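Peer 1: Structure provided below as structure tokens; questions to follow.
The values are calculated or read from the model by the stated rules, or taken from the named source; none is laboratory data. Please read all numbers here as calculations on a predicted model, not as lab measurements. Positions of Cβ are backbone-derived with ideal geometry, glycine not excepted, and every protein chain shown enters the neighbour counts. Surface areas here come from the heavy atoms of the whole protein model, side chains and all, with no ligands, DNA or RNA. Shrake-Rupley method; radii C 1.70, N 1.55, O 1.52, S 1.80 Å.
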Amino acid sequence: MAKRAGKGIQRITSLYAEGTMVYGTVRSQSGISDRCFRIDFNDYGNLTGTYRIPKNIDGSDIPKIVADRIAKQIRDYPEVIDDSFNDELYREEVMEELRVQAKAYCPYCGKQNQNKDAKFCMYCGMRFHI
């Protein structure tokens, strides 16, 4: 639900859920800095769609937009779960695997990198943008 809620928002660099908490990172409009946010969907032990944003990002509506989208999915939960939802999850897993495989080779020099989590090519030193 969290990944689906973040789709189409270009400034979100990270968005994931742990239990009833959703954590995200938003890039500033200038692109210079990132700000983190969290959304708490724990409604006194229940998941009802009610949420709290304990720490809001100055001047950004993105956490509220994401929270509203997730809350709508929670309230509409029986209608949301269908084959398209499962297909979307499968596509996300496949795309993540492709991103990992793409990092195995440097797009600049073509050399194979052993560390799939590397941010720079160990041969030419260029930064990966994947």
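Quick grid of which residues meet (1) among the acidic types (Asp, Glu); (2) modelled with pLDDT of 90 or more; (3) part of a loop (DSSP other than H, G, I, E, B):
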residue	(1), (2), (3)
Asp68	yes, yes, no
Glu92	yes, no, no
Cys109	no, no, yes
Lys116	no, no, yes
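Matching residues to (1) touching a strand residue (DSSP E or B) at 6+ places or on another chain (Cβ under 6 Å); (2) surrounded by 12 or more Cβ atoms within 10 Å (Cβ to Cβ); (3) not small (Gly, Ala, Ser):
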position	(1), (2), (3)
Ala2	yes, yes, no
Ala17	no, yes, no
Gly31	no, no, no
Asp34	yes, yes, yes
Asp40	yes, yes, yes
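Peer 1: So which residues in the stretch 42-67 are more than 14 Å from the chain's Cα centre (by Cα), under 18 Å from Lys7 (Cα atoms) and open to solvent by less than 60 Å² (accessible area, probe 1.4 Å)?
Peer 2: Correct list: Ser60 only.
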